[in-house]
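K.L.:
Please find one structure pasted underneath; my questions will follow.
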Amino acid sequence: MSASMSKLFLFSRFSSIQHFQTLPKRAYATCVQTKALVYNEYGDPSKVVKCAEIKVDDLTSQSVRVQMLAAPINPADINTIQGVYPLKPDLPAVGGFEGVGKVVEVGKDVTDIKPGDIVLPAINTLGTWRNELVCSSHHVMSIPHDTPIVTAAGIKVNGCTAYRMLHDYVLLSKGDSIIQNASNSGAGQAVIQIAAALGINSINIIRDRPGIQELKNHLKSLGATLVFTEEEARTEEARKHLQSIPKPKLAFNAVGGKSVINLIKCLQPGSTIVTYGGMSRQPLMIPTASLIFNDIKLAGYWMSRWHEQNKQSPEAQQMIQQLCTWAKQGQLRPPQYSEVSFQDYHLAIERTMEGFTSSKQILRFES
């Protein structure tokens, strides 16, 4: 990995959540306003998102006060602000589906969360792009204090998507194989690492671009078994490499269009393709013969729906705890990222909207 890429992994002010235990105390009872990234209408995020002072709700007997520590900007956040995502918060709304925060005060009847706890959102519409918030104690969940901060901030979207797709569609055993496109995305990198932690081979397809070998090396450093560009995946050389591991019985598609054909050609009969994104904005091109003669099955996964149906469930909590454990052990690292101060949010939004972006933008909040 080059020095320039390595720098993207540095989180200059803190490397784990434990660092936040020494944050200065504040008079939270008198804090009635906080800075937040708000949009009053749907449209171009670079134009409609504004930093504003908003009122912090009063603490009730069943609520908690959370100081936000870090939050990523994801494509789903951008699509929501544009008004093209299925979830449409009531306007005006605070942006941000996920992030990590520290509890600084709890209501008198709250028993499952205490001051000092590190928490993630348990609902989809908490609005994490703000310095501070008050919410129901049921709207957040605690995680271990020593979970690396950047990984924690992005677990609810990419980590959970990868975990569920690897567990919910096909029974996989150690030594089995999966294949995916968009392998350099946040979710794709999480798939690579979780598959490696489970002893599962991953075949990874990416679009050609400048610096392609550097990207391939990075994905292999995460545990990728094989990495091909879309063009390479159709060559005889790729077919020879594929013979060294079992044929995959599960595929993950985040591109759509013709890219799915590369996945189908590698699959065992009876395999399943799970679609969780459509970056090409093209319909799936599935050969009819693959459905009839190879019994290929199609399924879809939507992270927001799973969280809504399973919030605070034992299964959700077990998943989060396992992801945090892998993060602490170094088996689940965040995608390449750049930290951005809260006041420079407009730069983070613009970078997220750029084509071929390879660096996750992480908002760092004021203490």
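The values are calculated or read from the model by the stated rules, or taken from the named source; none is laboratory data. None of these values were measured; they are calculated from a predicted model. With ideal geometry, Cβ positions are generated from the backbone for all residues, glycine too; neighbour counts draw on all protein chains shown.
K.L.:
What single numbered condition from (1) of a type outside the set (Asp, Glu); (2) in contact (Cβ under 8 Å) with a residue 24 or more places away in the chain; (3) within 30 Å of Met141 (Cβ to Cβ) fails to hold for Ser290?
P.N.:
Of (1) of a type outside the set (Asp, Glu); (2) in contact (Cβ under 8 Å) with a residue 24 or more places away in the chain; (3) within 30 Å of Met141 (Cβ to Cβ), only one is false for Ser290: (3).
K.L.:
I've got another one for you. Against the definition (assigned by TED's automatic domain parsing to the domain that holds Gln33, closer than 19 Å to Leu69 by Cα and touching a Ser or Thr at 6+ places or on another chain (Cβ under 9 Å)), how does Ser136 come out, yes or no?
P.N.:
Values: assigned by TED's automatic domain parsing to the domain that holds Gln33: yes; closer than 19 Å to Leu69 by Cα: yes; touching a Ser or Thr at 6+ places or on another chain (Cβ under 9 Å): yes.
For Ser136, the condition - assigned by TED's automatic domain parsing to the domain that holds Gln33, closer than 19 Å to Leu69 by Cα and touching a Ser or Thr at 6+ places or on another chain (Cβ under 9 Å) - is met.
K.L.:
Return the residues of the stretch 305-320 that are modelled with pLDDT under 90 and closer than 27 Å to Leu263 by Cα; say none if nothing qualifies.
P.N.:
None; the set is empty.
K.L.:
Could we say that Leu23 is within 23 Å of Asp112 (Cα to Cα), of a type outside the set (Lys, Arg) and modelled with pLDDT under 90 here?
P.N.:
Criteria met by Leu23.
K.L.:
Please determine, by comparing only the residues of the stretch 138-176 that are of a type in the set (Gly, Ala, Ser) and buried (at least 23 other Cβ atoms within 10 Å of the Cβ), which one is nearest to Ser244 (Cα to Cα).
P.N.:
Step one: list which residues in the stretch 138-176 are of a type in the set (Gly, Ala, Ser), which gives 142, 152-154, 159, 162, 173, 175.
Adding the requirement that they be buried (at least 23 other Cβ atoms within 10 Å of the Cβ) leaves 152-154, 159, 162.
Numbers: Ala152: 35, Ala153: 37, Gly154: 33, Gly159: 28, Ala162: 24 Å.
Among residues in the stretch 138-176 that are of a type in the set (Gly, Ala, Ser) and buried (at least 23 other Cβ atoms within 10 Å of the Cβ), the one nearest to Ser244 (Cα to Cα) is Ala162.
K.L.:
Looking only at residues that are over 19 Å from Ala233 (Cβ atoms) and β-branched (Val, Ile, Thr) in the stretch 273-293, which one is surrounded by the fewest Cβ atoms within 10 Å (Cβ to Cβ)?
P.N.:
Among residues in the stretch 273-293 that are over 19 Å from Ala233 (Cβ atoms) and β-branched (Val, Ile, Thr), the one surrounded by the fewest Cβ atoms within 10 Å (Cβ to Cβ) is Thr288.
K.L.:
A further question on this structure: Please determine whether any residue of the stretch 84-101 is among the acidic types (Asp, Glu), without any contact (Cβ under 8 Å) to a residue 24 or more places away in the chain and assigned to a loop (DSSP other than H, G, I, E, B). Outline the logic, then answer.
P.N.:
Taking the stretch 84-101 and keeping what is among the acidic types (Asp, Glu), we get 90, 98.
Subset that is without any contact (Cβ under 8 Å) to a residue 24 or more places away in the chain: 90.
If we keep only those that are assigned to a loop (DSSP other than H, G, I, E, B) as well, we get 90.
Yes, the stretch 84-101 contains at least one residue that is among the acidic types (Asp, Glu), without any contact (Cβ under 8 Å) to a residue 24 or more places away in the chain and assigned to a loop (DSSP other than H, G, I, E, B).
K.L.:
While we're here: If Gln67 passes every condition in (1) assigned to a loop (DSSP other than H, G, I, E, B); (2) over 21 Å from Lys311 (Cβ atoms); (3) touching a Phe, Trp or Tyr at 6+ places or on another chain (Cβ under 9 Å) but one, which one does it miss?
P.N.:
(1)
K.L.:
I'd like to check which helices (runs of 4 or more DSSP H) are fully inside the stretch 129-244 and have at least 3 residues that are in contact (Cβ under 8 Å) with a residue 40 or more places away in the chain and within 22 Å of the chain's Cα centre (by Cα).
P.N.:
Numbers: elements: 149-153, 160-168, 186-197, 212-222, 236-242.
Hits in the stretch 129-244: 149-153, 160-168, 186-197, 212-222.
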